[in-house]
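Each remark here refers to the structure printed beneath this line.
Read-outs throughout are calculated quantities, based only on the coordinates presented, and are distinct from any laboratory measurement. Computed from a predicted model, the values in this text were never measured in an experiment. Cβ placement follows ideal geometry from the backbone for every residue including glycine, while neighbour counts extend to all protein chains displayed.
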Amino acid sequence: MYAVVNIAGLTLGIVSCILIGLYIVNQLSYDRFNVKADRIVRVTMSYGDANQVQNTSVTGNEAGPQLKLTFPQVKSYVRIYTWPRVVKYGDKMFDEKQMLYADSTFFNVFSFHLLQGNPATVLSAPQEIVITKAVAKKYFGDQDPVGKTLQIGTDPTANTNYTVTGIVADAPAASQIKFDFIASFSSLTGMHKRPSWFNANYYTYLLLHHQDQIAPLQKQINTYMKEVSKNELGMTGSEFLKLHLEPLLRVHLYSHVGGLEPDGSITAIYILGAIALLILFIACINYINLATAYSAGRGLEIAIRKVFGAERKQLFLQFIGESFLLTVISFVLAIAIAVMVLPLFVQLTGIAFTAGMIVTPLFILLLWVLCLAITFVSGSYPALILTNTGLAKILKSGVRLASSGGNLRKSLIVFQFVVSVFLIISTLIILLQLSYVRNKNLGYNKNHIIVLPVDYRMRPQYDAFKKAIENDPQIVSVTGAYESPVNIRWGDGIDAQTKSGKASLNVNALPVDLGFIKTMDMHLVAGTAFTPADLMKMDTSDNYKNYQYSFILNETAVHKLGWTPEEAIGKTISKGRSGIIKGVVKDFNFASLHQPIGPLVIFLGPEFTNEMFVKIKGNNIPATIDFLHNLWKEWAPYRPFEYHFLNDEYNNLYKSDQRTGKIFTIFSILAILLACLGLLALAAYTTVQRTKEIGIRKVLGASVISITTLISKDFLKLVIVAIVIAVPLGWIAMHRWLQNFAYKIHIHWWVFVIAGLVSVFIALITVSFQAIKAAVANPVEALRSE
Amino acid sequence: MQSNMIKISNLEKIYRTEEVETIALNKMNMEVKEGEFVAVMGPSGCGKSTLLNILGLLDDPDDGSFLFNGEEIAGYNERQRANLRKRTIGFVFQSFNLIDELTVYENVELPLIYTGVKASERKERVENALDKMQIMHRRNHFPQQLSGGQQQRVAVARAVVNNPKLILADEPTGNLDSNNGNEVMALLTDLNDAGTTIVMVTHSEHDAKYAHRIIRMLDGQTVTESILREQL
């Protein structure tokens, strides 16, 4: 029993350490596979004026070429443009998300492994494409794909034929750049060909001659960009456009502007590392507590060994040996369990870990060192106590540990429960916030809305397709927009004549089709929605001479312009061209709840439609989807039917938060388990030490309940001390975490009460197991042992 | 004529391990009258302590009859035994068995707490008992701070604080020097004179002479009984 509990505790601790270790190693090794990593920088951009600053991880297509041209330190540059596309070969057709367009220097700057093809030339001409092995298999089966032609995109006016020039190995898991296809940058046409500093769509990387050049180059670029802003871009006053260099190796963990992959966080790495060590530390504490508890019953064994001549050193080695054996067993078990739960961990982190990563020589060496450290840390204390106690003392009264040691053990238990209660509080609050996020009234209804893509070829027949969909009785309404209201990214500016003169306002903007407000169930606080009559005002004849926009502003935008919603109606504002404010929509969340609602302009612009929103009744979703699928095959046979629900799109915004929630839940359970093991150990130890007292009390008439209470009470005190310490810590930590959200829950007092009750309850169950065992034992046994 | 407080007939207690059966009490018969002072003697392993544990309701006999004040209690369950025990029996042990973490006062108070005596009454009775044992001045000390004799006086005070009808003493002087031993024996004799029945297990012929009657045991049975003096 003793060995089982001990091994279980250690194993649990080591499993968490291995998994967290894997994750940390992955995060710290990000992009390091690039041989030239220390000389590569990513260029990011910030722009705005004295009032507003926007940061973005993308730049215009001019940044790369101009920096190379101007600064001799820049050896080469790579621009990357991401563009999900429909890919066709023969009768195989898929909507591909992981498609990059990259400059021909891509394989020179980065160290991705080309399996076939020449790195210098695979992307050197338009209409060339490199694919991964998996993609090759998917489209070409066992044929050699090099030289074959893939059809990319659905625009009949563009050249859709791309020649496969190479095969590349999958990007490493720890790479910020991941892909299935890499097409040559020169294949891009239209706006991509027009040089622009502002049209920020491209991830730009520079390769420098030397890593020491990063800081000086940044200074030179600052000066250079000031000139560019003034002379080339005609910026005035406080307006600016800046470029920033981020060392490649710092992008993943230190950058805050996002990019090809969501930002990692070095803070998270520190926190996870601390948690791993904490869990291991707790497991070691348990070992020490359990071992000393167990040793109390080994007094006679030790005494007899000593009487027959065992030396201190031999006894010490014996105990360390036992500890080593237990630790090794735990390690072997832990590795096996880690490999077993790896798929779950992959699911949790979204990182493709493999069992091979656990059994690398370096990892094994690390584990071996850890194993020895644990053996020594947890084995030596009990060994010392056992071998140091005098022979006569053991024979007389058994092994008893000094009361100062008792305080140490109690402090350790308090510490374990502080961690547990803290994690319970954090988990509860995180889960409450996530549930709040999921269920918050956003200002529109995201339920039962199916999102379909609208591309070049669909756009001419969009209205007819829309009518065809609306025919089905299961369809409530259909509309379209440039992007979904879940996350509106289009940045824009408007000018207006306000009470205090001419005003400019940076806004987010969304071009929509008729019926948008109704389909999304948004609430107008003043004015009306767009009507077909508004469409007529968008007169493009005579070079847009009589073109008039129709706008719906949100409350925040109207407020910023100094109007009441009613005042705003009928006012003229300009967004490049002028138009009338037709309505004011009640503020709704059009970005993640991490951000406050900013000013928003919705304008009528069906020609921008990229996505179609189909509101359905939801009585028979599979049938409705079948209906849409059949229509799709009829109207858009050239691309696969791919749809998603607006709801899912919304939930995707909080993936990282949901991951945090899951991780906290798992660690809370783990910490509680370990703390209970520790408590069990201490309870076992204490009841052994108090056997005589319990016996006496029973002889004098104590009932089982009174004995159980007596023992549990002492432990309860420790747990309550832990709660008192953990509550303010939990409050502070969660208060800070909630600051990340513009929209958040209040931290209610009952969260702490629940966390406290849960830990008290669990502690009581753990302790009373031992206490009852001691209380029902025959007192005669206890007194005889004296 | 005094009535029997204890009457055991054909009492059996067998300890079983996986391989060995040890007969601790072998159809033992014995009577103790109310107010009597009985010493039980015999070599180690003859069943004295087993007998005392059964008399003290700490252990169950396997067979036979045990009448306590005329009532058969061989079939009592744990709770019934505990109830009877805490109201009527006091214990004095060779190794005192005081609780190290409690003061003298708290140790003596313990049986009263378990029998549900009110706090105000407890104080009076504990002080009375400590007074009687002449250990009042040590009331706030811990057992480890007392001499062996003082500790055993505390143990006796604890045994009598509930006014038990029966005191079971297991080698009460075994850990004491002769002076302290004599003092404890005097205390027990005083209690017996005041009407408390005493059954004492001892190895000491000297101590046994304080009793009215000596029962000698061997292999779980009574071998001889000798009456030393008449019970008044």
- To the nearest 0.05, how large is the calculated FRET efficiency for A:Asp38 and A:Asn447 if R₀ is 35 Å and r is the Cβ-Cβ distance? 0.10
- Note on the structure: For the range A:661-786 (alpha-carbon point model, no solvent) the Debye-based log₁₀ I(q)/I(0) at q = 0.13, 0.14 Å⁻¹ works out to -0.64, -0.70
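What range in chain B is the longest one free of GluC sites (Glu not before Pro) that are in a loop by DSSP and have at most 13 other Cβ atoms within 10 angstrom?
The answer is B:102-229.
How do A:363-372, A:483-492 rank on mean C-beta neighbours within 10 Å, highest first?
Numbers: A:363-372: 14.4, A:483-492: 17.9.
Highest mean packing first, the order is A:483-492, A:363-372.
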- Message: Given the DSSP H assignment, sum -39500 (n - 2.57) over each helix run of at least 4 residues in chain A and divide by its residue total; what's the result at 222 nm in deg cm²/dmol, nearest 500?
- Response: -16000 deg cm²/dmol
- Note on the structure: Taking every residue of B:14-22, the Cβ atoms of other protein chains inside 10 Å of its Cβ average out to 0
- Separation between the B:Glu124 and A:Thr498 pseudo-spin-labels, each 7 Å from Cα along Cα→Cβ, expressed in nm? 8.7
- Note on the structure: Beyond 21 Å (Cα-Cα) in this structure, taken from A:Lys698/B:Lys7; A:Lys410/A:Lys717; A:Lys88/A:Lys138; A:Lys662/A:Lys744; A:Lys97/A:Lys242, we find A:Lys698/B:Lys7; A:Lys97/A:Lys242
- Ignore the peptide's own chain and count Cβ atoms of other chains within 10 Å of each Cβ in A:700-712; give me the average, rounded. 4
- Query: Amide H to amide H, which residues 5 or more places from A:Ala742 or on other chains are under 5 Å from it, using H placed in the peptide plane?
  - Reply: A:His594, A:Gln595
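Under a point-charge model restricted to the Cβ atoms of Lys and Arg (+1) and Asp and Glu (-1), what is the dipole moment magnitude of chain B relative to its Cα centre, in debye to the nearest 20? Working shown, then result.
Working: 25 positive and 33 negative charges, 140 e Å.
Result for chain B is approximately 680 debye, rounded to the nearest 20.
Restricting to Cα atoms and excluding each atom paired with itself, what does the Kirkwood estimate give for the protein assembly as shown in Å?
On the way: mean 1/r = 0.0275 Å⁻¹.
Evaluated over the protein assembly as shown, this radius sits at 36.4 Å.
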- Item | Residue mean of other protein chain beta carbons inside 10 Å, A:692-698 | 5
- When you count, for each residue, the other Cβ atoms within 10 Å and take the mean per peptide, how do A:616-629, A:693-706, A:242-255 rank with the highest first? A:693-706, A:242-255, A:616-629
- Message: Residue by residue through the range A:759-772, what is 3J(HN,Hα) from phi via Karplus (6.51 cos²θ - 1.76 cosθ + 1.60, θ = phi - 60°)? Round to whole Hz and write x for glycine and proline.
- Response: 5, 4, 4, 5, 4, 4, 4, 4, 6, 5, 3, 5, 4, 5
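Convex hull over the Cα atoms of the range A:60-213, averaged projected area in nm²?
About 9.6 nm², averaged over all directions.
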- In order through the range A:718-731: 3J(HN,Hα) via Karplus (6.51 cos²θ - 1.76 cosθ + 1.60), integer Hz, x for Gly, Pro: 4, 5, 5, 4, 4, 4, 4, 6, 6, 4, x, 4, x, 4
- Which whole-Hz couplings ³J(HN,Hα) result when phi for each residue of the range A:153-167 is put into the Karplus expression 6.51 cos²θ - 1.76 cosθ + 1.60, θ = phi - 60°, listed in order with x for Gly and Pro? x, 10, 6, x, 7, 9, 7, 9, 8, 10, 8, 6, 10, x, 10
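Based on alpha-carbon atoms only, what is the radius of gyration of the range A:644-735 relative to the globular estimate 2.2 N^0.38 Å?
Details: Rg = 21.8 Å, N = 92, 2.2 N^0.38 = 12.3 Å.
The value comes to 1.78.
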- Message: If I histogram all Cα-Cα distances within the range B:6-90 using bins 10 Å wide from 0, what percent of pairs lands in each bin?
- Response: 16, 51, 29, 4, 0
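For chain B, what does -39500 (n - 2.57) per DSSP helix run (n ≥ 4), summed and divided by total residues, give at 222 nm, in deg cm²/dmol to the nearest 500? All intermediate terms of the calculation are to be shown ahead of the outcome.
On the way: 7 runs with 77 residues, N = 232.
Mean residue ellipticity, 222 nm, calculated: -10000 deg cm²/dmol.
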- Query: D for the range A:437-559, whole µm²/s, Stokes-Einstein with Kirkwood Rh over alpha-carbon pairs at 20 °C and 1.002 mPa s: what number?
  - Reply: 126
